[in-house]
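Q: One structure follows; several queries about it will come next.
The values are calculated or read from the model by the stated rules, or taken from the named source; none is laboratory data. Not measured: the values here are computed from a predicted model. Note: ideal-geometry Cβ built from the backbone for every residue, glycine included; neighbour counts use all protein chains shown. Areas reflect the complete protein model, heavy atoms only, side chains present, ligands, DNA and RNA absent. Shrake-Rupley method; radii C 1.70, N 1.55, O 1.52, S 1.80 Å.
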Amino acid sequence: MPIYLTATGLHTPKDKITNEELVASFNTYVDNYNRDNAAAIEAGKKVALQHSTAEFIEKASGIKSRYVIDKKGILDPKIMAPVFPARKLGEELSIMAEMGVDALQKALDTAGLKGEDLDGIICACSNFQRVYPAIAIEIQNAIGMKGGFAFDTNVACSAATFGIAQAAGMIKAGLGKCVAVVNVEITSAHLNWRNRDSHFIFGDIAAATIIEELDTPKGYEVLDCKLYTQFSANIKNEYGFMDRSEYLAAGQDIHADIKEPVTDKLFLQEGRKVFREVCPKVSEIISTHLAENNIDNQQVKRLWLHQANINMIDLILRTVMGKEADKAIAPIAITEYGNTSSASPMIAFHEHQDGVESGDLGVICSFGAGYSIGSVIVKKV
Ligand code: COA
């Protein structure tokens, strides 16, 4: 029986930061740092920090703003990180589960379903706020599922398409008929807001996608999925439960007050290398995937791509669809939301379906750390 993507839902945090606000805070931090370290900088013992600019950010990335769960902490030049109280597990819903439940409830409402209609939930993200129990199982409990299964999976920025492929595969294997994929991203907590090269990149969000086996066509038929990974250390977040042991082995006092953030365990990337290495591979994977399904690239009406960078989207569009390709084929969500990691192609999909007619073909494609690339070919019912 065919498998359909029947609905999506978004949870958007209420706080929004513009480039101008972000740069004002960053530059205050830079000025304070340079003033406080003037003697060391003068003596050549420390390097003076440089200002950021809103012009650079928009030109290099296409981003104008981003939503976050705590604007106040991020914009405070003395803090520059989101600040939120710990919640007692089992007594309060965790922040990730709360965001995921809201996005999922919206998707279920759109699909005309209830939590109890779900057979499974895959919470597919870049960062999880704890190791276990799974955030997905907390969502399963809160959304009112009666039995079934839920689990977490992490494929960084590619987690949405890998999650959709898993959901479709599990349905085909007879493990259920209706599976939700939930992408919750609190990227603001993994970003080093003091790093000039990347302080502007990410935003927070949650997206949910319903995948169903149906005998009556609805939404988009999921025609085929293709997954690809290739090891690279060019995008990384090395935070992990063995950090304590590594710090101890390096002779560091883990019990000392943390005066500086532990920046080596936050998001780090070689942006130029990522751009150069990932774009051609994404174009190749999409084209190969379409050819394997006997689809000519020109038949594709919409490419809902990972929103890493506006120039990457433009390059992939032109290499897949030709130099003169209509920009409307690859819609942009990064301008308002920033890079929201796994959730980003689902935001593009959720917000840009105008003009897609019955029978039209589209590709949802994600790419990111790993490297990892996922392509899902869909056909509008
Ligand atoms: N404000 C002003 N200038 C800045 C700046 C900032 N915030 N950050 C860097 N610059 C300067 C650099 O110092 C450099 O100056 P120079 O030419 O005098 O040396 C110049 O801008 C270019 O810096 P560079 O780091 O090479 O920028 P870029 O054009 O490669 O853009 C990225 C940076 C991250 C936007 C880009 O590499 C990219 O999109 N990479 C794709 C990867 C990605 O987005 N991944 C996300 C996770 S999937």
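Q: Quick one: length gained pulling Glu21 to Tyr239 fully straight, 0.36 nm per residue minus the C-alpha distance?
A: My answer for the length gained is 75.7 nm.
Q: Another question, then. Rounded to the nearest 5, what is the percent of antiparallel bridges among the DSSP beta bridges in the stretch 222-380?
A: Antiparallel: roughly 75 percent of the beta bridges in the stretch 222-380.
Q: Here's something else I'd like to know. Scanning the chain for helices, which whole DSSP H stretches are 27 Å or more long along the axis (Cα) and average -1.0 or more by Kyte-Doolittle?
A: Numbers: long enough: 271-292 (31 Å, -0.10).
Going by DSSP H runs, the hits are 271-292.
Q: Note down the net charge around Ile377, summing +1 for each Lys or Arg and -1 for each Asp or Glu among other residues with Cβ under 10 Å from its Cβ. Write down the numbers at each step before the final one.
A: On the way: positive: Lys226, Lys379; negative: Glu221, Asp224, Glu292.
Neighbourhood net charge equals -1.
Q: Follow-up. Quick check: from the Cα gyration tensor, does the stretch 1-111 come out rounded (a/c under 1.5), prolate or oblate? Can you show the working numbers first?
A: On the way: a/c = 3.47, a/b = 2.03, b/c = 1.71.
Taking the square roots of the gyration eigenvalues as a ≥ b ≥ c, the stretch 1-111 is prolate.
Q: Please give the direction-averaged projected area of the C-alpha convex hull for the stretch 222-380, in square nanometres with one decimal.
A: Numbers: hull surface 45.9 nm².
Projected over every direction and averaged, the Cα hull of the stretch 222-380 covers 11.5 nm².
Q: Treat every Asp and Glu Cβ in the chain as -1 and every Lys and Arg Cβ as +1, leave all other atoms uncharged, and give the resulting dipole magnitude about the Cα centre to the nearest 20 debye.
A: On the way: 38 positive and 48 negative charges, 102 e Å.
Dipole size: approximately 500 debye.
Q: Would you calculate a helix-derived [θ] at 222 nm for the chain, using -39,500 (n - 2.57) for each DSSP H run of n ≥ 4 and dividing by the full residue count, to the nearest 500?
A: Values: 12 runs with 129 residues, N = 381.
For the chain, the value works out to -10000 deg cm²/dmol.
Q: I need the shape label for the stretch 1-65. Rule: rounded when a/c is under 1.5, else prolate if a/b > b/c, else oblate, with a, b, c from the alpha carbon gyration tensor.
A: Values: a/c = 3.47, a/b = 3.06, b/c = 1.14.
Note, shape of the stretch 1-65 comes out prolate.
Q: Can I ask one more? Given labels modelled 7 Å from the Cα in the Cβ direction, how far is it in nm from Asp224 to Phe56?
A: My value for the distance between the label points is 4.4 nm.
Q: With every atom except the alpha carbons ignored, what do you get for Rg and Dmax of the stretch 132-272, in angstroms?
A: According to the Cα coordinates of the stretch 132-272, Rg and Dmax are 19.3, 63 Å.
Q: Moving on to the next point. Find the relative contact order for the chain and round it to a whole percent, using C-alpha pairs within less than 8 Å whose residues are 6+ positions apart.
A: Numbers: 816 pairs, mean separation 88.3, N = 381.
Contact order relative to length: 23 percent.
Q: Compare the Cα positions of Val179, Ala111, Thr153 along the charge dipole of the stretch 68-211 (+1 at Cβ of Lys, Arg; -1 at Cβ of Asp, Glu; about the Cα centre) and return the one farthest towards the positive end.
A: Most positive-ward Cα: Thr153.
Q: Evaluate the distance, in nm, between pseudo-label points positioned 7 Å from the Cα of Arg272 and of Val356 along their respective Cα→Cβ axes.
A: 3.7
Q: Just the number, please: percent antiparallel of the DSSP beta bridges in the chain, rounded to the nearest 5. Provide the component values of the computation, followed by the final result.
A: On the way: 41 of 58 bridges.
Of all bridge pairs located within the chain, approximately 70 percent are antiparallel.
Q: Using just the alpha carbons, could you tell me how many Å³ per residue the convex hull of the stretch 316-381 encloses?
A: Details: hull volume 6.7 nm³, N = 66.
Dividing the Cα hull volume of the stretch 316-381 by its residues yields 102 Å³.
Q: Next up: Through the Karplus equation 6.51 cos²θ - 1.76 cosθ + 1.60, θ set to phi - 60°, convert the phi angles of the stretch 192-206 into ³J(HN,Hα) values in whole Hz; use x for Gly and Pro.
A: So the J values, rounded to whole Hz, are 8, 5, 9, 9, 4, 5, 9, 5, 9, 6, 9, x, 9, 5, 9.
Q: Measure out, as a whole number of angstrom, how far apart the alpha-carbon centroids of the stretch 266-309 and the stretch 312-342 sit.
A: Result: 10 Å between the Cα centres.
Q: Next question, about the same structure. Specify, per residue and in Å³, the volume enclosed by the convex hull of the alpha carbon atoms belonging to the chain.
A: Values: hull volume 57.3 nm³, N = 381.
Hull volume normalised by residue count: 150 Å³.
Q: Under a Cβ-only charge scheme (Lys and Arg +1, Asp and Glu -1), can you give me the dipole magnitude of the stretch 222-380 about the Cα centre, in debye to the nearest 20? Could the numbers behind the result be given before it?
A: Working: 16 positive and 21 negative charges, 64 e Å.
The dipole of the stretch 222-380 has a size of about 300 debye.
Q: With a sphere of radius 14 Å drawn around the Cβ of Cys123, what net charge do the other residues whose Cβ falls strictly inside it have (Lys, Arg +1; Asp, Glu -1)? Please list the in-between numbers first.
A: Working: positive: Arg130; negative: Glu98, Asp102, Glu138, Asp152, Glu185.
After counting each charged neighbour, the total is -4.
Q: What accessible area per residue comes out for the stretch 177-314, rounded to a whole number of Å², with a 1.4 Å probe?
A: Each residue of the stretch 177-314 exposes 51 Å² on average to a 1.4 Å probe.
Q: Return the carbon/sulfur percentage of the accessible area of the stretch 173-299, one whole number, probe 1.4 Å, all protein chains in place.
A: Working: 3470 of 6870 Å².
About 50 percent, which is the carbon plus sulfur part of the accessible surface.
Q: Under the rule of at least 5 residues apart or a separate chain, name every residue whose amide H is placed under 5 Å from the amide H of Cys123.
A: Residues meeting the amide H criterion: Ala136, Phe151, Asp152, Thr153, Val182.
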